[in-house]
Structures are given as C-alpha cells and as structure tokens.
Amino acid sequence: MRRQGEKRWSGRASFCPKMMTSLRERGADGRRNLSQRGGASNVKSVTCNCREILDYHFEVVHSLKEANSPFFLAEILPLFCHNVQTTLRDMSRILEKEPVSYYDIEELYFKLRGCTSSIGARRVALACLKLHQAAANKNKDGCVMALNGLKHEYKILRRSLDKIIELERRIVSHQS
C-alpha cells in the first residue's frame, strides 16, 4: 500500500533535475572516498558554525567535491539556492490565489523537501513538514504561517551557504 506522498513522488521526474543528476553521477565515488578516509572530518572546519542548520548529508555532498571536482560545491550550492527560491515563490503565488490548490502546494512541498534533504538543509527540511501538515489539513492560514517560517529558515540557511560558497571559491582560486 502506498503512502499518500508516494504516488505524487513517483510522478515527479524533474525535482531539482540538474542537482540530482550531478549528485547521482558523482555519488558512488564520493561515498567510496568518504568511507576510505573514515568520514568527512575535514568538512567540520567549514561547517562548524552550521551544525544546527546542516546535517551529515552536507558532508557527503562536500565529499563529492573532493572526489570529483574542486568546483563541485561552488556549482551545486547556487543551483540549490535557485531551486529553493523558485519553489518558495511558486508556493507564495499559489497561496495568493483563490481557491488555493493544496494539491499544488503538496507537490511543491515534495520537491522542496527532496532538494533540502539531499543537500543536508536540516532546518529547512523540518520547516517543510509544517507546511505539509497545513496543506494536508487544507488550512490556508496555516500554510501562510508555515511558508513564512520556511522562508525565515531559508534566509538563515542562505547566509550560511553564502559563506561556504565564498570559502569554496577562495579555496579553488588558491588551488589553481
């Protein structure tokens, strides 16, 4: 028996397509290199201030950079940010219309939840759950409040990612 979200999830072929393709292509090598090194301890210096914002998935993504390309993280994070901003904007537009399409909100929830989980954006992924619950209850005010909370968490994440992107670009420019 399928859970409620599984039917829609399997029908979504394009959630964060470029990012997911890149992660999939580089994933096996990155995971292998991560396990050979005994973890991603060198990532801790970059993400030490971001522990409550990012989870271990970010360390895996960071290890993909080390395994495949020094530019990987500097390329994937802006793509992730663009995808999240687009999704949040689309959610806002849906909530402005009457009647609200809760089905569309849930579709975008699954897209956003997948993107944030794959990059390790823990707090944003958790904030997505409140939006999902409000949409499942067909509660417009709850959706608006949850979306505002989601935007707030994304702003916090974005500040941290901007710092990480800047550090990655400096590292890459010094290695060249």
> Being in a helix (DSSP H, G or I) and under 13 Å from the mean Cα position of the chain (by Cα), is that true of even one residue in segment 136-146?
Replying inline: no
> Which one of the conditions (1) assigned to a loop (DSSP other than H, G, I, E, B); (2) modelled with pLDDT under 85 does V60 fail to meet, given that it meets all the rest?
Replying inline: (1)
> Within segment 151-170, is even one residue more than 21 Å from H82 (Cβ to Cβ), basic (K, R) and either assigned to a helix (DSSP H, G or I) or under 15 Å from the mean Cα position of the chain (by Cα) (or both)?
Replying inline: yes
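Results for (1) in contact (Cβ under 8 Å) with a residue 40 or more places away in the chain; (2) open to solvent by 20 Å² or more (accessible area, probe 1.4 Å); (3) not charged (D, E, K, R), shown as yes or no for each residue.
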| site | (1), (2), (3) |
| --- | --- |
| D90 | no, yes, no |
| I94 | no, yes, yes |
| G114 | yes, no, yes |
| I119 | yes, no, yes |
| R122 | yes, yes, no |
| L126 | no, yes, yes |
| K130 | no, yes, no |
| V144 | yes, yes, yes |
| L147 | yes, no, yes |
> If you check E153 against the conditions, is it closer than 26 Å to E59 by Cβ, open to solvent by less than 80 Å² (accessible area, probe 1.4 Å) and among the charged types (D, E, K, R)?
Replying inline: yes
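The values are calculated or read from the model by the stated rules, or taken from the named source; none is laboratory data. The structure presented is a predicted model; accordingly, all values stated were derived computationally and were not measured. With ideal geometry, Cβ positions are generated from the backbone for all residues, glycine too; neighbour counts draw on all protein chains shown. Keep in mind that these areas ignore ligands, DNA and RNA; they rest on the heavy atoms of the full protein, side chains included. Shrake-Rupley method; radii C 1.70, N 1.55, O 1.52, S 1.80 Å.
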